[in-house]
Amino acid sequence: MAEKGTIQVRILTPERVFYEGEAKMAEFNTSEGELGIYPGHIPMTVILKPGVLTLTVLEGKKEAALHTGFAEILPDSISILAEAAEWPGEIDIARAEAAKERAEIRIREHRADTDMARAQTALLRALARIETLR
Amino acid sequence: MASMRDIKRRRSSIQSTGQITKAMKLVSTVKLQKARVRAEQNAPYADGMYRTIQSILERTSTLRHPYLQGKESKRKAVIVISSNRGLAGGYHSNVVKLITRGALAGEDLELYTVGRKGKEALQRAGYQIYLDSSDIIEEPGYADAAALAREALTSFAQGRVGEIWLAYTFFKNTVVHEPRLIRLLPVEKEEGADKKELPMNFDAEEESVLETLIPTYITSLVYSGLLESSASENGARMQAMDSATSNAEEMIEDLTLLYNRARQSSITQELTEIIAGAQAID
């Protein structure tokens with residue numbers, strides 16, 4: 001609750017309930033740029049972009065890679081609906097590096113049949129994974 | 001009366017069928033548990049998605065967008081989810097009936113099938129299949145649902161189809177599975193939805209929020225549809241195999257009785273013949 005200086009965070013993905021708990025602050029990447037949410041924020045819905053999610057909880061910080069989706073922010077709670085989310089321990093660095101390279105090549109070559117939006121999302125996703133691990 | 005040998009042969013054939021159905025029942029029970037857990041884990045996400053979409057539609061009722069109004073084309077895309085394996089009672093035919101006799105009967109359809117059984121039944125009924133992705137029902141992943149939804153959305157964006165529908169089987173509980181036909185696009189607004197106390201703000205422009213959210217919403221619905229159908233399929237098969245097993249047991253019981261009676265009467269006859277023979281000699 002807002003009075004206690006924490007905010008209820010719920011992160012849902014199609015496969016599972018990823019995280020549920022209190023946090024002092026939540027930071028993530030949106031279509032309009034990086035966003036940090038403290039308790040008592042105005043109601044807002046934002047579109048997520050692949051990036052690192054940082055939750056400042058009572059015991060310290062938690063980080064995770066968050067991919068496309070959206071977040072519904074209310075004064076005392078945040079519901080994040082992401083297509084995928086991973087804790088650092090679940091990320092395969094070799095795969096992420098490979099995906100990054102593939103996406104970079106696709107963007108560089110820029111052939112007529114490449115879906116640029118998809119290639120860019122793939123690149124962002126790979127970068128988010130690599131970033132989370134650092 | 002059938003001969004003893006015939007009865008014996010028939011009984012053992014039913015016995016082995018019964019063993020198969022019993023094994024299949026056990027297998028589908030395990031599969032059902034797994035599919036059910038997956039469907040349950042998806043539920044909070046699906047609910048959250050639905051709520052958010054409704055609250056956005058609430059606010060943007062004046063907005064005009066193809067996702068909300070549909071397109072002119074009379075052609076309709078339908079994603080039909082059945083399964084690749086048979087012996088599941090009326091599971092497949094119920095889904096197929098939604099297409100052949102439901103609200104869309106006689107319309108110009110562009111069919112996206114998932115599951116060979118449904119695809120074959122629709123082809124027999126004279127439908128053209130636009131795209132078949134039967135493999136994904138074995139282990140439906142979110143990426144599979146996304147790919148399928150993208151195909152249908154592309155067709156919608158290009159104006160080939162004016163609406164997108166989904167036919168699947170809703171998993172109510174282990175014994176009740178409800179075939180459902182729902183419209184995905186244009187998105188339907190729930191009438192009389194309770195108003196949110198808090199007005200929602202959008203960081204980005206509402207139109208672009210809608211542009212991003214609706215495809216995600218469609219994907220989420222397709223994904224839940226796949227999971228629900230998969231759970232229903234195994235539930236339906238479990239039920240079908242359960243009743244097949246008990247039918248087999250019943251038949252074995254009847255045949256055993258018949259067999260014993262036939263055996264007894266043959267013994268009696270033999271005895272009568274021996275006694276009659278002995279008396280003739282005396």
Original post:
Does anyone have the angle between helix B:4-59 and the longest principal axis of chain B? Alpha-carbon axes, 0 to 90°, nearest 10?
Top reply: 10 degrees
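At a 10 Å Cβ-Cβ cut-off, how would you order B:L32, B:L255, B:L184, fewest neighbours first?
B:L255, B:L32, B:L184
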Subject >> Residues of segment B:1-20 with amide N under 13 Å of the 7 Å Cα→Cβ point at B:Q269 >> reply: B:1-6
Subject >> Residue-averaged [θ]222 nm for chain B, counting only DSSP H segments that reach four residues, each worth -39500 (n - 2.57) >> reply: -22000 deg cm²/dmol
Original post:
Helix B:206-281 versus the longest principal axis of chain B: what angle, 0 to 90°, nearest 10, using Cα atoms?
Top reply: 10 degrees
Original post:
Can you give the angle from 0 to 90° between the axis of helix A:116-133 and the longest principal axis of chain A, with both taken from C-alpha atoms, to the nearest 10?
Top reply: 60 degrees
Original post:
Packing-wise, with mean Cβ within 10 Å as the measure, how do B:109-116, A:127-134, A:95-102 rank, highest first?
Top reply: B:109-116, A:127-134, A:95-102
Original post:
Of A:G40, A:G60, A:G69, which has the largest mean-square fluctuation in a 10 Å C-alpha GNM of chain A?
Top reply: A:G60
**OP:** Send over the semi-axes of chain B's equivalent ellipsoid, whole angstrom and largest first, taken as the square roots of 5 times the C-alpha gyration tensor eigenvalues.
**Re:** 58, 19, 14
Original post:
Which residues in segment B:107-142 place their backbone N less than 17 Å from a point set 7 Å from the Cα of B:Q158 along the Cα-to-Cβ direction?
Top reply: B:109-113, B:129-133
Subject >> Approximate spin-label separation B:E107-A:E97, in nm, with each point projected 7 Å along Cα-to-Cβ >> reply: 5.2 nm
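Quick one: grab the alpha carbon gyration tensor of segment A:45-96, order the square roots of its eigenvalues as a ≥ b ≥ c, and give me rounded if a/c is under 1.5, else prolate or oblate depending on whether a/b is larger than b/c.
Oblate shape, in that a/c is at least 1.5 and b/c is the bigger or equal ratio.
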Original post:
Expressed as a whole number of Å, what is the distance separating the alpha-carbon centroids of segment B:260-275 and segment B:1-53?
Top reply: 44 Å
**OP:** Write down, largest first, the equivalent ellipsoid semi-axes of segment A:91-133 in whole Å, where each equals the square root of 5 times an eigenvalue of the alpha-carbon gyration tensor.
**Re:** 21, 9, 6
Original post:
Of all DSSP beta bridges located in the protein assembly as shown, what percent are antiparallel, nearest 5?
Top reply: 65 percent
**OP:** Report relative contact order for segment B:26-238 in percent, whole number only (criteria: Cα-Cα under 8 Å, sequence separation at least 6).
**Re:** 34 percent
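Since every read-out is calculated from the coordinates, none of them should be taken as a lab result. Just so it is clear, the structure is predicted and the values come from calculations on it, not from any experiment. Cβ coordinates were reconstructed from backbone atoms using ideal geometry, including for glycine residues, and neighbour counts include every protein chain displayed.
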